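Where a number appears in this text, it was derived from the coordinates with a stated rule and is not lab data. Bear in mind that the values here come from a model prediction, so they are computed numbers and not experimental data. All Cβ positions, glycine included, derive from the backbone under ideal geometry; neighbour counts span all protein chains shown.
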Amino acid sequence: MEPVVLQDRSSGRAREIVLEFLKALETSGFSIWVRESGSLWSFPGILLVHTYGMGIMVGVILAIDLSILGFVPALPLAPLQKFFPLIWTAFWLNAITGTILLAADATTKLTNPDFGVKMAFIVLAVINQRMIQKRLFGETPAPAARGKALAWMSIVCWLGAITAGRLLAYVGTAVK
């Protein structure tokens, strides 16, 4: 007598449900407007705001990281704390515009493994940024030398996120 092989149909059904949701999201009126409108306020404008937000956020973070690493010895670290509200404002601006851009092409982006890579880099970068803020700018800041590994991690994660995001249009296998 041969063993009975049970198929897990729940995972196949769950995948179908997720793909149906992504298709519904992608075919919503707003997503269609973002993707297909000729307006500068649609895809081009949203992408521009996303790009500016990323440039501001990563640019300021990079300046802080380079300061931690000792590339700007004349610049004390403590005053750079004033830039954290700008960093987080730019981050949330990117989160909003990125979500809009994602919704416009949900079935392609969310089924592309590169999107997972991009999001993993962003999650790690955000956790790392919070650690930098807490350890180097908290009530009892550690010496900048102790933050060098965090600064390098920050640079690697943000460059990884940017690279994966840019490559998203060119790599990966999307399932339609």
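Calculate, in nm to one decimal, what ARG35 and ARG166 gain on full extension: separation in residues at 0.36 nm each, minus their alpha carbon distance.
Details: separation 131, 0.36 × 131 = 47.16 nm, distance 1.76 nm.
Working it through step by step, the gained length comes to 45.4 nm.
For the chain, report the % of Cα-Cα distances exceeding 21 Å.
Values: 8986 of 15400 pairs.
In whole percent, the share of Cα-Cα pairs in the chain beyond 21 Å is 58.
Cβ neighbours within 10 Å, averaged per peptide: list 150-157, 133-140 in order, most packed at the top.
Numbers: 150-157: 19.0, 133-140: 12.8.
Going from most to least packed, we get 150-157, 133-140.
For ARG13 and LEU69 in one chain, what is 0.36 nm times their gap in residues minus the Cα-Cα distance, to one decimal in nm?
15.2 nm
Are there any helices in the chain, counted as whole DSSP H runs, that stretch 27 Å or more along their axis by Cα and score at least 0.0 on average by Kyte-Doolittle, and if so which?
Working: long enough: 43-68 (37 Å, 1.77); 84-104 (30 Å, 1.53); 113-137 (35 Å, 0.67); 148-167 (28 Å, 1.19).
Span-like helices, by this rule, are 43-68, 84-104, 113-137, 148-167.
Pick out, from LEU110, ALA78, SER11, the residue whose Cα sits farthest towards the positive end of the charge dipole of the range 1-149, with +1 on the Cβ of Lys and Arg and -1 on the Cβ of Asp and Glu.
Farthest towards the positive end: ALA78.
What order do you get for ILE122, ILE64 when you list them from fewest to most C-beta neighbours inside 10 Å? Show your work: numbers first, answer last.
Working: ILE122 21, ILE64 26.
Lowest count first: ILE122, ILE64.
With a cut-off of 8 Å between alpha carbons and a minimum separation of six or more residues, what is the relative contact order of the range 9-167 in percent? Don't skip to the answer; put the middle values down first.
Numbers: 140 pairs, mean separation 44.8, N = 159.
For the range 9-167, the relative contact order is 28 percent.
Given charges of +1 on the Cβ of Lys and Arg and -1 on the Cβ of Asp and Glu, with all other atoms neutral, how large is the dipole of the chain about its Cα centre, in debye to the nearest 20?
Details: 15 positive and 10 negative charges, 85 e Å.
For the chain, the charge dipole is close to 400 debye.
Fully extended, how many nm does the chain gain between VAL123 and ALA95 (0.36 nm per residue separation, minus their Cα-Cα distance)?
Answer, rounded to one decimal: 8.9 nm.
I want to check the label-to-label distance for PHE84 and ALA24. Put each point 7 Å from Cα in the C-beta direction and report it in nm to one decimal.
4.0 nm
Go ahead and estimate [θ] at 222 nm for the chain from helices alone: -39,500 (n - 2.57) per DSSP H run with n ≥ 4, summed, over the residue count, rounded to 500. Before the final figure, lay out each step's value.
Numbers: 7 runs with 122 residues, N = 176.
One gets -23500 deg cm²/dmol as the mean residue ellipticity at 222 nm.
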